[in-house]
Amino acid sequence: MKKMKKLFAVILSLAMVLAMSLTAFATEVPSTPLKPADHTPTSADKAKAEVSNVEAGATVTAYRIVEPTYNDKGFTGYKLAEGVTLDNMLEPTSDEVTGIAADKELLKKLTHETLSAPSGATGLTTYTAALGAGYWVVVVEGSDIQEVYNPMLVGIYYSVEGSGDNNTLVNGAVDANTNWSLNSTPAYAKSEQPTIDKKITGSTGKDESDGNVSGNDVAIGDTVNFRIDTKIPSYSKSYTEVMVKITDTMGKGLTLADPVNLVVTVGGEEVEAGENTFTFKPADDKKSFEISFVSAYALAHSGEAVVVTYDAVLGEDAGLNFDANDNTAKLEYTNDPSGETNEIEDKTFTYTFGIDANLYGQGSSEWNKFTEELLKTGEIQRVELENGEIVEKPIRLQGAEFTLTRADGKTYTTVSDENGYLSFTGLDAGTYTLQETKAPEGYSLNDAEIPVEITATYNGDGTLKSYSIKVNNKETSTYTATYDATTKEVTNIKVEPGHENDWSDVSDTHEIKNTKLASLPSTGGIGTTIFTIGGCAIMIVAAGLFFASRRKSAK
């Protein structure tokens, strides 16, 4: 029994030694987090700061303008960071904050931290960082951001438990023997993303843009009325020099009208160009212009709406059918106090139509077909096809003269070409009357009045969705386009029903037929000759009878 007790005592002693040795060699593991009362505030204390509603990709920096003070017993109060001037360091004013944000040299000297966005964040997101106690001015910058951000103020402060949390610093010591916390309140970025809206408000003969302010159709020579809506960004006092510039660039076909009838309003008041307001610079070729606001004027009218109206004319170089005559308005503006700029744009699309014309200008795409709405024909003839087959087709007539008259009386003229096509270009959607005014040589005039109607539909972004042409109340063809969603370029055009530019398929082409005249006698021809010969014969017979009668009388 004594031996068993001795063995047990040895085992127990070994266990105690082993336990003690294990604690000596074990990796240190943090114990249960200390309660606030167990920890004395120090300069190493930090709390999570959050700034929300900021674009992903921005650079967000916090600069400390008010710092905490400590002694060996903990936190004792606050003081201004070196170089910072505030009337009341616990209640900075908006002007003081924006003034500090604008002072680039001062910012370089201040303690600063960069806030980070979540990995892979897009759109508006929240930036965070662990910051020490004090007031921090937060500045948002970046060349790729679109919005204009005002400086923000973030407070990281000590608060005695039970005293209530707010975002105002407490000017007083926090007892190390009392429950305390380091707090922050999320900040929300006050920002604005400028916009620009280009629209067509009317054109010759139309009060509005065919119901779509981003796209319409006009005839060559018509005037188009444009409007640009934007605003001067809302700049804080941290911005000392800004650029606000509107440019408008017209594609083929469009040029500024003479007069251009430019009107600029800011905040609802009409403003004239001048050294204290803005400059207006039209290009020499009248294909673009620039409106640049004076920096001081832009800052003085920060946040105010800007409206620009002007007129342009569609010329002979216009693109036909789906070949759009586009117009791009652009706003370029300063979007952070360091001078970085951003730009945004908006487009309109103006179209004009052609009969017997290419669907898309001079492009070589397979879908760029030659339309065949009208064809001048004569008598039926036998034609041998490439495969040797003989078919009967109407002959195509060249040289017939036609007039196309718009509902308001505007006229267009053309002459049928060697293939019999009647090409009319530069037309807008609407109703017309087609009539032959001169027949080809050797054919009778077909003076029938033929109704022609062009209709168009548009996509929401102003691009031409489709158009149809009816001749004599029968639809010849409907043309429908598809577009690249990003570039707005045409990727395909579907023709219903399909046509090829040859003689084998004209079933949906409207033929205007002429009748060949019968052969007529030439001047002084056979009609007169018959009467002359007959008259001579009668005279000869009469003379013969006369002389025969005299001989008989003489006998």
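Values as computed for the structure displayed
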quantity	calculated
Hits in segment 333-361 - residues which are touching a Lys or Arg at 6+ places or on another chain (Cβ under 6 Å), in a strand (DSSP E or B) and in contact (Cβ under 8 Å) with a residue 24 or more places away in the chain	Glu345, Asp346, Thr348
Any pair with Cβ under 9 angstrom, 6 or more apart, that starts in segment 229-249 at a residue that is over 15 Å from Phe280 (Cα atoms) and ends at one that is assigned to a strand (DSSP E or B) and among the polar types (S, T, N, Q)	Pro233/Thr334; Ser234/Ser191; Tyr235/Thr334; Tyr239/Thr334; Glu241/Thr334; Val242/Thr334
Criterion (among the acidic types (Asp, Glu), modelled with pLDDT under 90 and under 30 Å from Tyr235 (Cα atoms)) met by exactly one of Glu91, Glu113, Glu28	Glu91
Test for Leu422: is it closer than 15 Å to Ile355 by Cβ and either modelled with pLDDT of 90 or more or open to solvent by 50 Å² or more (accessible area, probe 1.4 Å) (or both)	yes
Residues of segment 294-320 satisfying the condition of being within 30 Å of Ala219 (Cβ to Cβ) and among the hydrophobic types (A, V, I, L, M, F, W, C)	Val307, Val308, Ala312, Val313, Leu314, Ala318, Leu320
Any hit, segment 276-287, residues being touching a Phe, Trp or Tyr at 6+ places or on another chain (Cβ under 6 Å), surrounded by fewer than 22 Cβ atoms within 10 Å (Cβ to Cβ), modelled with pLDDT of 95 or more and closer than 19 Å to Gly253 by Cα	yes
Residue, nearest to Ala102 (Cα to Cα), within segment 200-241, restricted to residues that are open to solvent by less than 20 Å² (accessible area, probe 1.4 Å), over 19 Å from the mean Cα position of the chain (by Cα) and among the aliphatic types (A, V, I, L, M)	Ile232
Test: Ser507 is at pLDDT 85 or above and open to solvent by 20 Å² or more (accessible area, probe 1.4 Å)	no
Residue list for segment 249-300, restricted to those being farther than 30 Å from Ala324 by Cα, of a type in the set (D, E, K, R) and part of a loop (DSSP other than H, G, I, E, B)	Glu272, Glu275
Close pairs (7 angstrom Cβ cut-off, 6 or more residues apart or separate chains): within 20 Å of Tyr239 (Cα to Cα) and surrounded by fewer than 22 Cβ atoms within 10 Å (Cβ to Cβ) in segment 130-159, at pLDDT 90 or above and hydroxyl-bearing (Ser, Thr, Tyr) anywhere	Glu141/Thr59; Gly142/Thr59; Leu153/Tyr135
Selection from segment 95-130 of residues that are assigned to a strand (DSSP E or B) and not charged (D, E, K, R)	His112, Thr114, Leu115, Ser116, Leu124, Thr125, Thr126, Tyr127, Thr128, Ala129, Ala130
Residue in segment 188-198 that is surrounded by fewer than 20 Cβ atoms within 10 Å (Cβ to Cβ), within 18 Å of the chain's Cα centre (by Cα) and of a type in the set (Lys, Arg) present	no
Residue ID - least open to solvent (accessible area, probe 1.4 Å), chosen from residues in segment 95-120 that are acidic (Asp, Glu) and touching a Leu at 6+ places or on another chain (Cβ under 9 Å)	Glu96
Hits in segment 57-94 (condition: open to solvent by 20 Å² or more (accessible area, probe 1.4 Å), more than 13 Å from Tyr135 (Cβ to Cβ) and part of a strand (DSSP E or B))	Thr59, Thr69, Tyr70, Asn71, Thr76
Cross-chain or 6+ apart pairs with Cβ under 6 Å, segment 431-451 first and closer than 17 Å to Ile380 by Cα, then open to solvent by 60 Å² or more (accessible area, probe 1.4 Å) and modelled with pLDDT of 95 or more	none
When residues of segment 457-482 are limited to those that are polar (S, T, N, Q) and assigned to a strand (DSSP E or B), the one surrounded by the fewest Cβ atoms within 10 Å (Cβ to Cβ)	Thr482
Condition check for Asp197: on the phi < 0 side of the Ramachandran plot and touching a Leu at 6+ places or on another chain (Cβ under 6 Å)	no
Residue under evaluation Leu182, criteria (1) modelled with pLDDT under 95; (2) closer than 15 Å to Asp311 by Cβ; (3) open to solvent by 20 Å² or more (accessible area, probe 1.4 Å), criterion not met	(2)
Selection within segment 289-322 - more than 20 Å from Gly354 (Cβ to Cβ), surrounded by fewer than 17 Cβ atoms within 10 Å (Cβ to Cβ), in contact (Cβ under 8 Å) with a residue 40 or more places away in the chain and small (Gly, Ala, Ser)	Ser295, Gly303, Ala305
Hits in segment 439-454 - residues which are at pLDDT below 95 and in a strand (DSSP E or B)	Tyr443
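The values are calculated or read from the model by the stated rules, or taken from the named source; none is laboratory data. Since the model is a prediction, treat every value here as computed from it, not as a measurement. As a convention, Cβ positions derive from the backbone with ideal geometry for all residues, glycine included, and neighbour counts pool all protein chains shown. All accessible areas refer to the heavy atoms of the entire protein, side chains included, with ligands and DNA or RNA removed. Shrake-Rupley method; radii C 1.70, N 1.55, O 1.52, S 1.80 Å.
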